[in-house]
Amino acid sequence: MLYALDISERIGCTMFGRMMQKNGWESTEKRTIARNLMVFVIDGQADFQVADENYHIAAGDILIIPANTPYRGNTTDYCEYYFFHFGGTISPASSPEPLRDLRRVFTFTLTPASYDRIYFPLKTSVREDYNKIYNCIISCTEHNAHGTMTGRLILDTEFQKILLLIGEITEFENRSNNYPPALDKMIVYIKKNLTKSISLADLCEHCRISSSYAERLFKRHLNTTVTEYINSEKLYYACELMRSTGMNISEIASYLGYCDVFYFSKRFKRKFGKAPSKMFRSEKN
């Protein structure tokens, strides 16, 4: 089940800290607090009962407990975690409306969206985003220690960033294309590195998969090869650069990691049916 947090107004923290609970810790009776509670486990494990649902959380898991919701926690091992008490209204919700899929077209123009809610389940496993969230928490600790008004605002901003990352993970896992995680990771890497020369070996090393498995994923889900996908994304990006910048063809080819402008032009013509110089003139007119 998903929940929605109203972020139409600034979300602020009222309490923040780090705790260690040892073997035998147990809340014998359910308790409630007037603020929302977020727990981010960094080591160990614990079991929480939230209302009538049970959640087992371990390192890399986040649990969010809405305000005034009865809960109880315990550990038979130990549990070390950061916690945040924070404001805002959390309510049950349906899945968020997905943004238009821009996977095959690079664009500078962002899709219009209403940013008044963040969607998430009560428990989220952050996995590959662990370091991003942990770094935000370290920043919260640092700025809280400064004891300044600006430091407190930065703490609240970093906490909101954590909430947004949780929301992004949720949308990522619930979107309709439902690609395997390894394919999603490769696509994100390619999108982030379109201005570099990307080899299959580099891609597979970064994603820690074999080249044969990578090729199978691209063929099965996108009906293309890794190399063709990379070139296609670069060429769509080249069109956008022609439309939106003052760069010439040679500059665009170099910017996108092509060592040879003639090879770039050949690939471009094969993709779009016209030379980049002709496309360049039409985009400028």
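Think of region 146-258 as a dipole: +1 on every Lys or Arg Cβ, -1 on every Asp or Glu Cβ, centred on the Cα centre; then among 245, 225, 148, 225 lies furthest on the positive end. Summary of the geometry: region 31-90 and region 116-137, compared by the centres of their Cα atoms, lie 14 Å apart.
Sum -39500 (n - 2.57) across every DSSP H segment of at least 4 residues in the chain, then divide by the residue count to get the 222 nm mean residue ellipticity, nearest 500.
Working: 9 runs with 122 residues, N = 285.
So the calculated ellipticity at 222 nm is -13500 deg cm²/dmol.
The simple Förster model, with R0 at 45 Å and r as the Cβ-Cβ distance, assigns residue 196 and residue 33 a FRET efficiency of 0.40.
A simple spin-label model places the labels of residue 260 and residue 168 3.7 nm from each other, with each point 7 Å out along Cα-to-Cβ.
Stretched out straight at 0.36 nm per residue, the stretch from residue 208 to residue 68 would grow longer than its current Cα-Cα span by 46.0 nm. With a simple spin-label model that places each label point 7 Å from the Cα along the Cα-to-Cβ direction, the separation between residue 148 and residue 19 comes to 3.1 nm.
Taking a probe of 1.4 Å, how large is the accessible area per residue of the chain, in Å²? Please list the in-between numbers first.
Values: 15870 Å² over 285 residues.
The answer is 56 Å² per residue.
Listed by chain and number, the lysines placed with their C-alpha closer than 22 angstrom to that of residue 161 are 123, 132, 185, 191, 192; residues fewer than eight positions away on the same chain are left out.
Would you work out the charge dipole size for region 190-231 about its Cα centre, treating the Cβ of every Lys and Arg as +1 and the Cβ of every Asp and Glu as -1, and quote it to the nearest 20 debye?
Values: 7 positive and 4 negative charges, 34 e Å.
The calculated dipole for region 190-231 is roughly 160 debye.
Please compute one quarter of the surface area of the Cα convex hull for the chain and express it in square nanometres.
On the way: hull surface 75.2 nm².
For the chain, the mean projected area of the Cα convex hull comes to 18.8 nm².
Karplus-based coupling profile of region 71-80, in residue order and whole Hz: 8, 8, x, 7, 9, 9, 10, 6, 8, 10, with θ = phi - 60° in 6.51 cos²θ - 1.76 cosθ + 1.60 and x standing for Gly or Pro.
Rounded to the nearest 20 debye, what is the charge dipole size of the chain about its Cα centre when +1 sits on each Lys and Arg Cβ and -1 on each Asp and Glu Cβ? Don't jump to the answer; show the numbers that get you there.
Values: 36 positive and 32 negative charges, 340 e Å.
Roughly 1640 debye for the chain.
Look at the dipole of the chain built from charges on Cβ: of 17, 174, 50, the Cα furthest out on the positive end belongs to 174.
Fully extended, how many nm does the chain gain between residue 225 and residue 47 (0.36 nm per residue separation, minus their Cα-Cα distance)?
On the way: separation 178, 0.36 × 178 = 64.08 nm, distance 4.46 nm.
Length gained between residue 225 and residue 47: 59.6 nm.
Check which residues have an amide H placed less than 5 Å from residue 224's amide H, if you skip close sequence neighbours. For residue 224, the qualifying residues are 219. Taken one residue at a time, the phi angles of region 18-33 give Karplus couplings (6.51, -1.76, 1.60, θ = phi - 60°) of 10, 10, 10, 10, 9, 3, x, 5, 7, 8, 5, 10, 5, 10, 9, 10 Hz. Gly and Pro are set to x. Taking amide H positions as modeled 1.01 Å from N, with prolines and chain starts lacking one, the residues under 5 Å from residue 2 and 5 or more places away or on another chain are 93.
The values are calculated or read from the model by the stated rules, or taken from the named source; none is laboratory data. Computed from a predicted model, the values in this text were never measured in an experiment. So basically every Cβ, Gly included, is an ideal-geometry build from the backbone, and we count neighbours across all protein chains shown. When the accessible area is computed, the model is the full protein with side chains, heavy atoms only, and any ligands, DNA or RNA have been set aside. Shrake-Rupley method; radii C 1.70, N 1.55, O 1.52, S 1.80 Å.
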